[in-house]
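Shown next, in structure tokens, is the structure this report addresses.
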Amino acid sequence: MKRTALALIAILAQIWRIIPYGLRRRLIFALAVLETRIGTPADSLRRLYPIADDIEKAINERAMAYGGGEHPKHELTHYHDFFIDRIEDGSRVLDIGCGYGAVARSIARDVGNSRVTGVDIDPAAIAQANAADNPDNLNFVAGDALQDLPAGDWNVVILSNVLEHIDARVEFLKNLRERLSPEKLLIRVPLFERSWHIPMRRALGIGYFSDITHFIEHTRDAFDAEIAEAGFEIIERQTLWGEIWASCRPRVDA
């Protein structure tokens, strides 16, 4: 079925490309305008936002292809550097929810004498991570971060676009602090206040998360409150590229 669908898309693309790009663009815009003229402004906005989401998915798919299987955002936003610059040489680093290992790989290569372990619940992602050109100080394991965290003391624990996928976040962070005893916690999460479209979508009563598997997309205040409740304090917090990037450490009074 998938192969048939891809073949059909390829045929339709060949037909579509016959139409000059300028005309194709005007046709797409005209269809969007026609959609806005059905019902009230609120009704049309509720329909237009999912269309915008579909376009964003198409852009991300093409971006991945452009990057040869790795999203260009890694290189363009330099967010790996946020982690690398805050990890000392010789650190033991655990990257929870490592995906296909891009961040963990960068740390292992750029932080001297470090030992880096990436863990992810998706076996396919771990297989892709293990198949890459990995340095000797890096390894990957499949496991559920809520149950199967590697034992031992870790100097640094990384949660890069992970916390928003967890429902009981405070309990998760408390468990992480108690079981892993990290000296530092480096976190990256999507920021609610990244665009006026986010509160607009919420006002319309439609989904406003950037991923349907998210339980939250933090405001600054909500992020600060959860970190404090979990027994950590924020050493540094930046808001870049519509995200919160934070360096935290366990509170001595927690």
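Observations on the structure shown:
- Alpha-carbon spread of segment 2-66, three principal axes, descending order, Å: 39, 25, 24
- Helical segments meeting 15 Å axial Cα length and Kyte-Doolittle 1.0 threshold in the chain (DSSP H): 2-16
- Label point at ALA132 placed 7 Å out along Cα→Cβ; residues across segment 84-117 whose backbone nitrogen lies under 11 Å: 98-109
- Annotation: aspartates and glutamates with alpha-carbon distance below 20 angstrom to LYS2 (same-chain offsets under eight excluded): ASP54, GLU61.
- Cα centroid of segment 85-149 to Cα centroid of segment 185-236, whole Å: 25
- Subtracting the Cα-Cα distance of ALA13 and SER195 from their residue separation scaled by 0.36 nm leaves 62.2 nm.
- Fewest-first ranking of ILE28, ILE107, ILE84, using other Cβ atoms within 10 Å as the exposure measure: ILE28, ILE84, ILE107
- With the alpha-carbon atoms of the chain aligned to their principal axes, the span from lowest to highest coordinate is 61, 41, 31 Å, starting with the largest.
- Residue exposure proxy: ILE15, ILE235, ordered by other Cβ atoms within 10 angstrom of their Cβ from fewest to most, comes out as ILE15, ILE235.
- Available extension along the chain between GLU56 and GLU35 is 5.7 nm, counting 0.36 nm per residue and deducting the alpha carbon span.
Taken together, the values in this text are just the output of simple stated rules run on the coordinates, not laboratory data. It should be emphasised that the depicted structure is a prediction, and the values quoted were computed from it without experimental measurement. Reconstructed Cβ throughout: ideal geometry from the backbone, glycine too, with neighbour counts over all protein chains shown.
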